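Report on one structure; see the data block that follows.
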Amino acid sequence: MFGLKGDWSLDVKERYFTLDDYSGAVPRWCTGCGDHGILAAIHRVCRDAQITPEKTVAVSGIGCSSRLPHYMNTYGFHGLHGRAMPVACGVKSRRPDLDVWVATGDGDCFSIGAAHWIHAMRYNMDLTMLVFDNGIYGLTKKQTSPTTPLDVPTNTHPSGALLPPLNPLTVTLGITNISFVAQIVDWNAQLRHEVIKKAHEHKGTGFVRIIQRCPVYVESIGKGLQDEPTRMQLLTHEKGVQVDDSVKRLFPNHAEHDPTDLAAALTIAANDSILPLGILYHNPDAICYDQISSVGLEMSTDERLAGMNQALDHFAI
Amino acid sequence: MSSSQVAGDTKYLFKRENTWWVKVAVPRQLRSTLGYDLRRSLRTHDIDVARKARWEAIKELRDKIEKSKAAHGAEAVEAGSKPVEKGNGSRQAARGAQTIDQHIVEIVSDSGEGAQKCGQILGLVSGKMGNGVWTVEIIPAEIQPPAREPQGASGIRVRMGSHYVTNMGNQADMVVAFNEQVLYSRISNGAYKEGTVVLLENMWAEDPEERIRNQYREALADFQARGLVVYELPLQKECLKLVNDPRKGKNMFVLGMLCRIYRRDIEKAKDEIAKIFKRKSEKVIKINHDLFDAGYAFARDNIDYEYEIPSTDDERLKSAIVVNGNTAAGLGVMAAGIDLVAMYPITPATSASHYLAEDFHLTGGFVHQAEDEIAAIGFAIGASYAGKTACTITSGPGIALKTEMIGLAVMAEIPLVIIDVQRGGPSTGLPTKVEQGDLLASLYGSPGDSPKVVIAAATISECFHFVIMARKLAESFRTPVLLLTDANLATGVQPIARPDVSDEWFAPPLDQSAWDEQVAPYDWDETSGLSERPIPGMRGGEYILTGLAHNRNSKIAYDTASNQEGADMRSRKLAALSATLKPPEVHGDPTGDLLIVGWGSTLGAIEEAVDLARAQGKKVSSLHLRFLSPLEPGLKDIFAGFKKVMTIELNYSDDPDAPLINEETRRYAQLALVLRAHTLLDIDCWSVVPGHPLSPHRIGSVIDARLEKLEGAE
Ligand SMILES: Cc1ncc(C[n+]2csc(CCOP(=O)(O)OP(=O)(O)O)c2C)c(N)n1
Ligand code: SF4
Ligand SMILES: [Mg+2]
């Protein structure tokens, strides 16, 4: 590829990656499923950043959304329901050189994986964490998830979800050492791309909750929002994401919000009457656990041998 | 004492809880057998009745003393376990120490009184003097249990020998007790025998609280009735001469006493004391040295026991390290070149991670304390998948939580080392106590077919070496390897041969060379099921690992043929591993009447019991298994050489004589069940869940009982 270096000289790269280099098997998601668009955004962000495919690992749990790694042409880890984050953090722990992506669902992350979600946010490893929140358990065929809106009927609660939904944003913003919290809807390509790109560029855990359409089981959730854009509010700020006027017109409600202001982010997140879109919180200085967990990687065999003998010396008689 | 409050004649009498008792002093030379005095209850609260009744009781007690005197005179010379009366001062010169083959000594106290430190130093010094040693800590379940309660007993057992010591042994020969109540917990564990010498703190006899004084007196009588040989010693009083609060320091006084009694090297002991307090001031070291000296002098002048335990020339002790099984496992992790351990705290596994947290940096490693056991193994799996084989360390309840992840590691063939330091179960069970209850859970505790390698360390040394083996097996066979140890190994301390570390033990550096794109990520060899794995970073090796059924290309495959092939290949690896193993070696003759089969930490006790039985002419041998999955080859042939084969295990099985238990209802011990299925032989078992290790004696009596039942056994 030809790229321009800082000194305006031409930089000839050995390899240039196209979208195809990141694309794996043909996705088997339903037609109209929001997952397709998110996958496209990931491919584009990878391509734009020219990340090396073999140095990239897509990790997921179990669910419709967790099929995502199969649709990447990178390394991938399609593990257990709810356990994407421990695995992803483990991958990163001794391999800070790898670019790690996590795809998880609302059931996968906010229910069975809730403990891991909280602790992984606090570890703040340098990875990109995308929660595909369709407000339903898709793969297992329409059971209530923690984010299913009140009164939406499901197969486990045919007369409607019994409790008000969990608010993933206030929970996430309440965790210490978080560094990047954003929210988007799957159906706006530009906002989607810009936010995922920022989350990926960010050093630390880039958490993005994506309101994702599942037209098969809960069409009303996505449709309701699409039909009534006034139920959403675009967060604008010079430190946030920059979008075209066309996007601003699509989401007529705007609020100027400084993403470094955690208290303001919490207030915005706690307001149930309107759904914020954009970056709620960004702190590039939070501690990244992978920098701590990767100690000693550079040690030579001789140094390790000497260390081993030193350890044994502690117990010698 | 309360008796002094009663006016008039109370000669030979004393009162306890409203009842009058008689007490007669024992002459010094008989105190080792009879204790300081003999007592008998007169079963009356009326002083006048007691005054009359006392004479008969006194006569009875004096007769007992006379009888004992006669017996004692005859055996005094060779009865080494009894002190010989000598004039003060000239004692040492006149007698010298008695040479013995081994001794077991315990120190028990309330928690916080430092009994364990005292025993650890005694063990260390003995190791340094070339003795075989096994120390095991007695740990109460609570952190700060109330004082003077049997359940709160905290302490340590030290077994010292003139040979290599492999287990904690039978009943103790000597015990130092800081109060009488804590001794009861050990008595209920069967830790003592008739003749066990008790060196007992006597401050409680004059405690301001009457309740305590009474407890003490009663216990004293009770100990004597049980045949313990009690010496009441003014430990507190002696220590008060040097320090204001003997709660801190009495342990060093006792260490001094024991070093005198067992002729331990004073300089070595003082070095160890200095090491413990190295972060404290010189003053602190000095006062502890002074306490040590005082204890030493006190024993010289007041205690008639004196022993010499010759050193052994066992190779293992030539260049040794002194470690417990958990430290050994931690060192093994480092020596294996593993550089990530992910764990969640759980007794008795945690101390392995505590150790690693101290020293892991020396080999470039990191301990991750995860949010729970599932996350811990998930983290380790992620690290393994992305590079070098990682490790997770836990105990039974943690294994239960990790089950689904172990299944994933099996399914996706992720190398991983899992160490299970077993404790008593099920559920929270006995957190600090030993059991071998996780074998079946390890082998089969997973939905679907989940073949994996399961090995068990039988010694502290194996806790080290088996981690290295586990890492190699995990990588060669692309599989999780479960290494079972237990609370007995975890807390037992022993000098073991210092490992001669080699970089061949280390995992190879991360391979990032290109992968041949033509080679599938699961390029199973059809015979062995073996394949090599691509590692992220390898160009051309990109694949999506999945826990779903998959084909050689790691593509999700629900079809019949793919699922069958994957299952075949995963299972085949165990057969391939089995083909590389040698049949285990029989301890004792390869044929005979009875073969005892064991696994794990019972090795030392079983072999000691078998050796003793063989020395008595019994035709018994033993076999100890290290590989549980796959099993070592040739078992059926070995078993054929014996009339009877039985396992001895520390897990549950139905006693065949219990109500409702018959051939159909009897549930077998875990290894027995496995061996029965494996060999189709009628393998018997004996197993219990006492929460403490099996002693050679107990195993010996099981052997005797089984031999007796055997028709035609010689
Ligand atoms: C331990 C375990 N429990 C339950 C399941 C069944 N299961 C698979 S996916 C899923 C829910 C998926 O919902 P979500 O995470 O929201 O993903 P979606 O399919 O909606 O993308 C469940 C319950 C499982 N695979 N493993
Ligand atoms: S069920 Fe819903 S979430 Fe799953 S693939 Fe279909 S549309 Fe998407
Ligand atoms: Mg969902």
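The values are calculated or read from the model by the stated rules, or taken from the named source; none is laboratory data. Keep in mind it's a predicted model, so treat the numbers as computed, not measured. Cβ: placed from backbone, ideal geometry, glycine included. Neighbour counts: every protein chain shown. Side chains included, ligands, DNA and RNA excluded: accessible areas come from the protein's heavy atoms. Shrake-Rupley method; radii C 1.70, N 1.55, O 1.52, S 1.80 Å.
So here's what we get for this one:
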quantity: Probe 1.4 Å, accessible area per residue of segment A:2-288, Å²; calculated: 39
quantity: Between helix A:35-49 and chain A: long-axis angle, C-alpha atoms, 0 to 90°, nearest 10; calculated: 40
quantity: Added length on full extension, which subtracts the Cα-Cα distance from 0.36 nm per residue, B:K278 to B:Q98; calculated: 61.3 nm
quantity: Distance in nm between pseudo-label sites at B:T19 and A:T176 (7 Å out along the Cβ direction from Cα); calculated: 6.0
quantity: Cα gyration tensor shape of the protein assembly as shown, rounded if a/c is under 1.5, else prolate or oblate by comparing a/b with b/c; calculated: prolate
quantity: Exercise: per-residue mean of other protein chain Cβ atoms within 10 Å, B:499-506; calculated: 3
quantity: Percent carbon-and-sulfur accessible area, the protein assembly as shown, ignoring ligands, DNA and RNA, probe 1.4 Å; calculated: 51
quantity: Cβ-Cβ FRET estimate between B:D611 and B:L681, R0 fixed at 35 Å, reported to 0.05; calculated: 0.90
quantity: Within segment B:462-490: backbone nitrogen closer than 19 Å to the B:T527 label point (7 Å, Cα to C-beta); calculated: B:476-478
quantity: Burial order of peptide ranges B:482-489, B:628-635, B:517-524 (average beta-carbon count within 10 Å, highest first); calculated: B:482-489, B:628-635, B:517-524
quantity: Exposure of B:I139 as accessible area (Å², to 10), given a probe of 1.4 Å and all protein chains; calculated: 70
quantity: Peptide B:370-376, shielding by other chains (average Cβ, 10 Å cutoff); calculated: 6
quantity: Cα shape, segment B:98-316, gyration tensor, a/c 1.5 rule; calculated: oblate
quantity: Inter-probe distance in nm under a simple model that places probes 7 Å from Cα toward Cβ, at B:R316 and A:E303; calculated: 3.6
quantity: Chains B and A together, accessible area buried on both sides, 1.4 angstrom probe, square angstrom; calculated: 4900
quantity: B:A567-A:E256 pseudo-label distance in nm [points 7 Å out on the Cα-to-Cβ vector]; calculated: 6.6
quantity: Intensity falloff of chain B expressed as log10 I(q)/I(0), Debye formula with alpha-carbon point scatterers, at q = 0.09, 0.10, 0.12 Å⁻¹; calculated: -0.88, -1.03, -1.33
quantity: Set of lysines near A:K13 by C-alpha distance (under 18 Å), chain-local residues within fewer than 8 positions excluded; calculated: A:K5, A:K55
quantity: Neighbour-limited loop hits for GluC sites (Glu not before Pro), segment B:573-640 (at most 15 other Cβ within 10 Å; DSSP other than H, G, I, E, B); calculated: B:E585
quantity: Loop-exposed chymotrypsin sites (Phe, Trp or Tyr not before Pro) per DSSP, neighbour cap 13 Cβ within 10 angstrom, longest uninterrupted part of chain A; calculated: A:17-317
quantity: Anchor B:K573: lysines whose Cα lies under 19 Å away (excluding residues fewer than 8 positions away in-chain); calculated: B:K452, B:K472, B:K582
quantity: Angle between chain B longest axis and helix B:670-679 axis [Cα atoms, degrees, rounded to 10]; calculated: 50
quantity: Residues along segment A:267-310 losing 50 Å² or more of accessible surface when the other protein chains are present rather than the chain by itself (probe 1.4 Å); calculated: A:Y289, A:R304, A:L305, A:M308
quantity: Peptides ranked, highest mean first, by Cβ atoms within 10 Å: ranges B:207-219, B:612-624; calculated: B:612-624, B:207-219
quantity: Rounded FRET efficiency, nearest 0.05, which uses the C-beta distance separating B:D46 from A:N283 and R0 of 60 Å; calculated: 0.10
quantity: Charge sum, other residues only, whose C-beta stays under 13 Å from A:I175's C-beta, Lys/Arg counted +1 and Asp/Glu -1; calculated: 0
quantity: Gyration tensor (alpha-carbon) shape descriptor, segment B:586-713, a/c threshold 1.5; calculated: rounded
quantity: Along principal axes, Cα extents of segment B:511-580, largest first, whole Å; calculated: 33, 31, 19
quantity: Residue mean of other protein chain beta carbons inside 10 Å, B:533-542; calculated: 5
quantity: Reach of A:K197 by Cα under 17 Å, taken over aspartates and glutamates that are not fewer than 8 positions away in the same chain; calculated: A:D35, A:D48, A:D99, A:D126, A:D186, A:E238, A:D244
quantity: Solvent-accessible area per residue for chain B (1.4 angstrom probe, square angstrom); calculated: 40
quantity: Semi-axis lengths, Å, segment B:320-505, gyration tensor of Cα atoms, sqrt of 5 times eigenvalues; calculated: 22, 19, 15
quantity: Long pairs among B:K248/B:K283; B:K636/B:K709; B:K193/B:K619; B:K248/B:K270, criterion Cα-Cα beyond 21 Å; calculated: B:K636/B:K709; B:K193/B:K619
quantity: Chain A: Cα Rg divided by the 2.2 N^0.38 Å rule of thumb; calculated: 1.07
quantity: Rounded to 10°, Cα long-axis angle of helix B:696-709 versus longest principal axis of chain B; calculated: 80
quantity: Using a Förster distance of 22 Å, the FRET efficiency for B:S188-B:A147 (Cβ separation, nearest 0.05); calculated: 0.75
